[in-house]
Amino acid sequence: MDFSAVGKASTEAKRFLARLGLDQNFVKRIAIAMYEGEMNIAIHGGGGDAPDCRALAEDIVKGEAKLDDCIVRLRKINAEL
């Protein structure tokens, strides 16, 4: 498992949202949720072409991937079946 990138996207988002002047508690909750998502990818990831959440998000924005390509999401959906 590669934990080297965990926290980078959430930290960047937290700084960006804080610069926008959003409520500090709201920004904190968003950053925590993002960090948990990053950890989930690091722990449970292991498939697809995107090496991490950020890369997948960028691919989705560019139209080169879709949300269903997220391995964590697919595992959750399969577990609910």
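The values are calculated or read from the model by the stated rules, or taken from the named source; none is laboratory data. Small disclaimer: the values here were computed from a predicted structure and weren't measured. Heads up, the Cβs are rebuilt from the backbone with ideal geometry, glycines too, and the neighbour counts pull from every protein chain shown.
Could we say that A42 is under 19 Å from K76 (Cβ atoms), modelled with pLDDT of 85 or more and either among the hydroxyl-bearing types (S, T, Y) or assigned to a helix (DSSP H, G or I) (or both) here?
Working: under 19 Å from K76 (Cβ atoms): yes; modelled with pLDDT of 85 or more: no; either among the hydroxyl-bearing types (S, T, Y) or assigned to a helix (DSSP H, G or I) (or both): yes.
For A42, the condition - under 19 Å from K76 (Cβ atoms), modelled with pLDDT of 85 or more and either among the hydroxyl-bearing types (S, T, Y) or assigned to a helix (DSSP H, G or I) (or both) - is not met.
I'd like the full set of residues that are surrounded by 10 or more Cβ atoms within 10 Å (Cβ to Cβ) and either within 14 Å of the chain's Cα centre (by Cα) or among the polar types (S, T, N, Q) (or both), limited to the range 50-65. Even if it seems obvious, please write down each step before you answer.
Kept after step one, since they are surrounded by 10 or more Cβ atoms within 10 Å (Cβ to Cβ), are these residues of the range 50-65: 50-60, 64-65.
Answer for the range 50-65, where residues must be surrounded by 10 or more Cβ atoms within 10 Å (Cβ to Cβ) and either within 14 Å of the chain's Cα centre (by Cα) or among the polar types (S, T, N, Q) (or both): A50, P51, D52, C53, R54, A55, L56, A57, E58, D59, I60.
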